[in-house]
Amino acid sequence: MTYTPFITVEGPIGVGKTSLAKAIADHFQFALLKEIVDENPFLGKFYENIDEWSFQTEMFFLCNRYKQLEDIESQFLANGQAVAADYHIFKNLIFAQRTLKSRQYDKYLEIFNILTHDMPKPNIVVYLNASLDTLLNRISKRGREFEKNISPLYLEQLSIDYGSFMERFEEKHPDIPVLRFNGDVLDFVENKQDLTAIITEIETVLQKGAIRHEPEKKI
């Protein structure tokens, strides 16, 4: 079986997923998959009134991320082209479980499972986390209009949800390496040494994955 790297960078809002995914793609010459955020017409209303706009927001993200992942599989992964992404579709469950009412979530989960059961899974997950102060500072710096109304309490709870989800993910998928990095300690945007340290860890895992998938030599 050919080993085609599919690296996804995950973590809460503002932690630097897109910046790191782009750096990984540039370094390894991988295709880059960036999630659609700005095009979600419900997102600004969602941060103003989560209860009212959560279902519309989550369904928009689910459909768009499904289509992106489908395209990535057919256009890149199926042709042996490696991909670095700044999200994976499993993140939808983190947000949906937090924001949707119980009956809405049950229906959402049915749709999610139907759409994603045969979608490609990452073979490396890079998990970034940081303190609330760091996340708020980075969100403020990038100045997205629709993020101005993000509640610090919502963001803090989201970080906790991510941590719990990643623990369950590792238990469920012991074959998928999860590389954890602390955004309070590492600033891979401003500090090249920090980025090099992350890239080095990824290279090590990629080499192990390639060796594990090498065809057996016939004697």
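General observations
- One entry in (1) 36; (2) 20; (3) 15 is percent of Cα pairs over 31 Å apart calculated from the shown coordinates; its label is (2).
- In a DSSP loop and with at most 12 other Cβ atoms within 10 Å, the GluC sites (Glu not before Pro) in the range 4-41 are GLU39.
- J(HN,Hα) series, the range 91-97, from Karplus relation 6.51 cos²θ - 1.76 cosθ + 1.60, nearest Hz, glycine and proline x: 4, 4, 5, 4, 6, 5, 5
- Between the listed residues GLY80, THR200, LEU43, the Cα displaced farthest toward the positive end of the dipole of the chain, a dipole computed from Cβ unit charges relative to the Cα centre, is found at GLY80.
- When you filter the GluC sites (Glu not before Pro) in the range 66-122 for DSSP loop state and at most 11 other Cβ atoms inside 10 Å of their Cβ, nothing is left.
- Annotation for the range 127-172: trypsin sites (Lys or Arg not before Pro) lying in DSSP loop with at most 16 further Cβ atoms inside 10 Å of their Cβ are ARG144, LYS148.
- Taking MET59, MET119 and counting other C-beta atoms within 10 Å, the order from fewest to most: MET119, MET59
- Each Lys and Arg contributes +1 and each Asp and Glu -1, all at the Cβ; summed about the Cα centre of the range 98-186, the dipole is approximately 340 debye.
- Folded to 0 to 90 degrees: helix 17-28 orientation relative to the chain principal axis, Cα: 20
- Averaging the sequence gap over all C-alpha pairs within less than 8 Å and six or more residues apart, then dividing by the number of residues, gives the chain a relative contact order of 32 percent.
- As a rough footprinting exposure proxy, the listed residues HIS88, HIS27, HIS117 were ranked by other beta carbons within 10 Å of their own, and the order from fewest upward is HIS117, HIS27, HIS88.
- Between the helical axis of 102-116 and the longest alpha-carbon principal axis of the chain there is an angle of about 30 degrees.
- Magnitude of the charge dipole, the chain, Cβ model with Lys/Arg +1 and Asp/Glu -1, debye to 20: 220
- Reach of LYS34 by Cα under 25 Å, taken over lysines that are not fewer than 8 positions away in the same chain: LYS17, LYS22, LYS45, LYS67, LYS91, LYS121, LYS141, LYS148, LYS192
- Cα-based shape type of the range 85-129, given that a ≥ b ≥ c are square roots of the gyration tensor eigenvalues and the cut on a/c is 1.5: oblate
- Hydrodynamic radius (Kirkwood) for the range 1-123, which is based on Cα pairs only, to one decimal in Å: 15.3
- Computed Kirkwood radius, in angstrom, where 1/r is averaged over Cα pairs of the range 95-198: 16.3
Coordinate-derived values only; no laboratory data. None of these values were measured; they are calculated from a predicted model. Every residue, glycine among them, receives a Cβ derived from its backbone with ideal geometry; neighbour counts consider all protein chains shown.
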